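See below for the structure under consideration.
The values are calculated or read from the model by the stated rules, or taken from the named source; none is laboratory data. These figures come from a predicted structure and were not determined experimentally. FYI the Cβ positions are ideal-geometry reconstructions off the backbone, even for glycines, and counts take in every protein chain you see. Only protein heavy atoms, including side chains, enter the accessible area calculation; ligands, DNA and RNA are left aside. Shrake-Rupley method; radii C 1.70, N 1.55, O 1.52, S 1.80 Å.
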Amino acid sequence: MKVDPGDPSNLEKIHTREAIDERIASDTQHSYVGDGVLGAVDGTVTTFAIIAGAAGAGLSSGIAVVLGVANVLADAVSMAASNFLKARSDHETLSRFRKIESMHIDMVPEAEREEIEAIFRNKGFEGVALEEAVRIITSDRERWINTMLTEEWGLQLHPPSPRKAALTTFVAFLLAGSVPLLPLFANLKGSATDVFLQSSLLTAICFLGIGFVRGKVTKEENPHRSALETLLIGGVAAVLAYVVGRLLEGLA
């Protein structure tokens, strides 16, 4: 069970040696919850926007389902692929700059030491403490390179796994994006307008749930506010899609 660091009564618990070591270790790992939340929000918004547009245009539930399912599958793959490529790019960037820093240490070690010195001087180190910090960092090649990667280039030493990031996004998009479609399957012959209210209610619940989870994960002071914000964003997208559907109803 995680301890809330914002609760003053937990100060002693979160400052034990074990808790500190665990927290520092976990901070170096990528959290895939963010990928899941992003995929879920995007999936729900885009799918419900299609249903809202179909309802506004007076299209049948069957047509709305076809459009919605096509959207869920295509966009889930597209978003997962984008996340995969981004994560792989992060790994490639890290590898490239690691080679660059390794080369610099081999060819101009004194200049690299001066960079380490500048980094820690800017952090407030001076005199003997600064000299000792530089000595300790530069005495271990791997530590030296890692320090340059994070401090000079602002890179993450442990980028997300491309496969895990893509899979998390795909599954979250697929599951959340399917929620607005559920009422339509029970009324394929009727109008999308007939089940628009049921779809709206399910989607609202989904938005609230996603927003609440996001608030919990990001440790916001009020997760309920995050839930309402997510609902508002999704609601605006739905209203716009419905209005467009109504305006273009004649084309259908």
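Of all residue pairs spaced 6 or more apart or on separate chains, those with beta-carbon atoms under 6 Å, a first member in the range 180-206 that is closer than 13 Å to G56 by Cβ and a second member that is crowded, with 21+ Cβ neighbours inside 10 Å and at pLDDT 85 or above are A192/S61; A192/A64; S199/I51; S199/P180; S199/P183. Considering the range 229-252, the residues that are crowded, with 17+ Cβ neighbours inside 10 Å and at pLDDT 80 or above include one that is nearest to G34 (Cα to Cα), namely T230. In the condition set (1) crowded, with 16+ Cβ neighbours inside 10 Å; (2) in contact (Cβ under 8 Å) with a residue 60 or more places away in the chain, L85 is compliant with all but (1).
Looking at the range 134-163, which of the residues that are open to solvent by 80 Å² or more (accessible area, probe 1.4 Å) and assigned to a helix (DSSP H, G or I) is nearest to G36 (Cα to Cα)? Here the answer is R163. Within this structure, A192 fails the test of being open to solvent by 30 Å² or more (accessible area, probe 1.4 Å) and over 18 Å from V37 (Cβ atoms). In this structure, is P183 within 29 Å of the chain's Cα centre (by Cα), buried (at least 18 other Cβ atoms within 10 Å of the Cβ) and not in a helix (DSSP H, G or I)? Criteria not met by P183.
The residue that is surrounded by the fewest Cβ atoms within 10 Å (Cβ to Cβ), among those in the range 58-81 that are under 20 Å from the mean Cα position of the chain (by Cα) and in contact (Cβ under 8 Å) with a residue 24 or more places away in the chain, is A81. Set side by side, the residues L85, L94 differ, and just one is under 21 Å from Q156 (Cβ atoms) and touching a Pro at 6+ places or on another chain (Cβ under 7 Å), which is L94. Pairs linking a residue in the range 218-237 that is on the phi > 0 side of the Ramachandran plot to a residue that is at pLDDT below 85, with Cβ atoms under 8 Å and 6 or more positions apart or on different chains, are K219/D4; K219/P5; K219/G6.
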